[in-house]
1. So, in Å, what gap is there between the alpha-carbon centers of region 644-693 and region 469-500?
2. Just in region 192-263: which trypsin sites (Lys or Arg not before Pro) are loop by DSSP and have at most 16 other Cβ atoms within 10 Å?
3. Among the listed pairs LYS140/LYS241; LYS93/LYS203; LYS471/LYS505; LYS104/LYS232, which are separated by more than 25 Å between their Cα atoms?
4. How far apart, in nm, are two points set 7 Å out from the Cα along the Cα-to-Cβ line at GLU282 and at ALA444?
5. Quote the charge dipole size of region 85-277 about the Cα centre in Debye, to the nearest 20; the model charges only the Cβ of Lys and Arg (+1) and of Asp and Glu (-1).
6. Compute the distribution of all C-alpha to C-alpha distances in region 85-277, in bins of 5 Å from 0, and list the percent of pairs in each, rounded to whole numbers.
7. Quick one: order CYS188, CYS553 by neighbouring beta-carbon count within 10 Å, fewest to most.
8. So how far, in whole Å, is the C-alpha centre of region 543-597 from the one of region 235-270?
Amino acid sequence: MDKYEVIRTLGEGSFGRVYKAKQLSDDTFVALKVISKRGRSAKELKGFRRECEIQRHLHHPNVIRMLDSFETENEIVVITEFAQKTLSTEFAKTGFLTEDRVQKIVWDLVSALYYLHSNRILHRDLKPPNILLDTNNRAKLCDFGFARNMSTGTHVLTSIKGTPLYMAPELIDEKPYDYNADLWSLGCIMYELLMGSPPFCTKSLLQLIRLIRYEEIKWPTFSSENCMSFLKGLLQKNPLKRLTWDEILSHPFVKGHIIISKNSTDAPLTRPLSPNTLQAKEQQMKDSIKNKHIKLPCSKTPTQEQCSGTTQNKSSNSKANKTSQNSSTGENIKKSNSQDLKNNNSKQNSIFPSKEESSQKSSTTFDHKENSIPQRTPGPERIIQNHGLNHVSPKKNIEANENVSQDSNKISAKNTFSFIEDNQPIETEEWILFLQRSLQEVIAGEMVSLTQIGQTNVLVSPLRNPNANSKVLSFVARLLSIPFVVKGVSEDTLVQIKKVYLEVKLVPNLVYATKLLVREHYENQDSTSSDSSSPIDSPLPKSETYRRLSELCDEDVQALEYIFLLVSHLVHTSDDFLLQFCDAIVVLSIYPLLGILLSLTCKRKVRVVADLLAILSQLLRKLPENCDIVEKILIFTQSKDTERNKINFVDLLRHSSHLLRERTCLFILLMSKNLPENSVKLFWDTNVRETLEALVYDSIETVRNAAELTVLEIKSKSFYSEGK
């Protein structure tokens, strides 16, 4: 840093800060992007380093040039050429630009995209803030945090990337996509420069998704014929109908003004595909779609439909808990217009399955695969990868070992989970704005979005992102809980919403979000060792642990409250949700985490404990064949020498919350009925017995009843009179 003199701050985001600086050797201005390592996981830092590696090799007049990069103990510093302003500031004052000015900017952007695609690089986050203007008003692309360098054999991607306002329809519909997604984003930027706003603009995420899917674009009426022809060619909802690169280069709106640099690959994305390559691409698309429908691991004996998250054909060991919802008839729910639009804005077709076909699939993975053709490794595998609504990182396959059979026979050799994690920065403020508006819509009765898998999947995606802060997680859980608490929601709508929640694996995603929220990141973990395989029963690195209770802030606790309140409700409405909860616990092997949560007995955290007790009690009541999950929680927490994660049942029974006292009594009763006595003895002692007996005289009737029932049922057990 002694080579540079920092002048002022240019911007700040979730990644860090950007400064204007002067290079002391020649007094030229540069931009310093400083990324703090504090609070970052090794995989996050690896993602930042990958971004640097991509940008280091880019040399084009319309791409911001990277001059240098280095690391200190606490920071990653990237030095790039300095640009005077962003494209957003160019039209901020007037609200739009003239067609002549837009045309010159489009020349620059097309030149930059052609260079990237020629070198098999997708930008995936084209938007005005990521376009800079130099002193000559030449546009330059920057921010390659979501960029992907596609290998020669990869033709399509599936992970959702980018900013929603500029996101292509195929990404919204979770379809495989290629470089055409960048061209759609370019069309959105061109439209915004001409009209003052993107083609589909709203603060509501759910409304935005509907607009992109179903609404026609309102075209400018004042632009030239060439301008309109080029714009419409980019903004085709069907990616197969968008302008090809050959058509772009020969289009009169840009012809003769594109800077073409020599590419460094023998298979540029800008070249028409050969018949064999086109066939391989179509096969990858089919494989990607098929790969999204991996079945869930079975719990003991459930049917295949249970494993894939459907609500039919429940196991003989499970009984449907048909709890009625407290909802009354009211306003009719608004219906979205799903009719295919005519003209050039019709939805994608051809090799892409229709929405109806997609909705008939039995299940989806917890997230979308990054590679078009998954690696086929023998035996069980779990894919731990980085992902979100802004995501991608290398996939790694974790081979099965003896811990699978030792842990539980729930995971079969054929059916496995796919937990895919996103370690890329998330636009927190943007997400909160979208979620707030969407929450207001759902409260007002707009439930249609939650009955559609694609739109619900978008809402669920932050649950897989470790960079999604507690506030974002709270909004997601609250939003998805609304249908069960507001009046006027019909029973048919609730049934459909629950089917969608099963389909998108909401409960496992909520469990996964809990793990990401509470786990502890190690800053000094070597990046080269971060990808080393861990045992199959632990998707976390061996060095990773969970935070202490004192380290959880109020927002963390609030997020946990909303998460477990929703999970508790869902597992009590259907055994299918309960099965998914069991499977998620087994695959993630988060028994110590549940022990930590059951130790949150201070006043501000009591709701989390109460709901978790209700969930585990429901597990013992409805699926006693999975009681080993509760047993492992006791083993992890009660048999350790350390007191850090120990569950104090006396504190739970003596708690000031009568709800907690009541649920603890019933939990002890169900454990005594379903667990081996040796496991019960892990927490049972004279203090527990005496406290339980004292509750028979509690001032609250429900607590008295629960205590009386528990004492009556377990008094005959051999351990009852024993003490430690």
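A short reminder: the numbers here are calculations on the coordinates, not readings from a lab. It should be emphasised that the depicted structure is a prediction, and the values quoted were computed from it without experimental measurement. Quick reminder, even Gly has a Cβ in these numbers, built from the backbone with ideal geometry, and neighbours come from all protein chains shown.
1. 32 Å
2. On the way: sites: LYS203, ARG210, ARG213, LYS218, LYS232, LYS237, LYS241, ARG242, LYS255, LYS262; in loops: LYS203, LYS218, LYS237, ARG242, LYS255, LYS262.
Taking region 192-263 and a limit of 16 other Cβ atoms within 10 Å, the loop trypsin sites (Lys or Arg not before Pro) found are LYS203, LYS218, LYS255, LYS262.
3. LYS140/LYS241
4. 4.5 nm
5. Its charge dipole is roughly 180 debye.
6. 1, 7, 16, 21, 22, 17, 9, 4, 1, 0, 0
7. CYS553, CYS188
8. About 48 Å separates the Cα centre of region 543-597 from the one of region 235-270.
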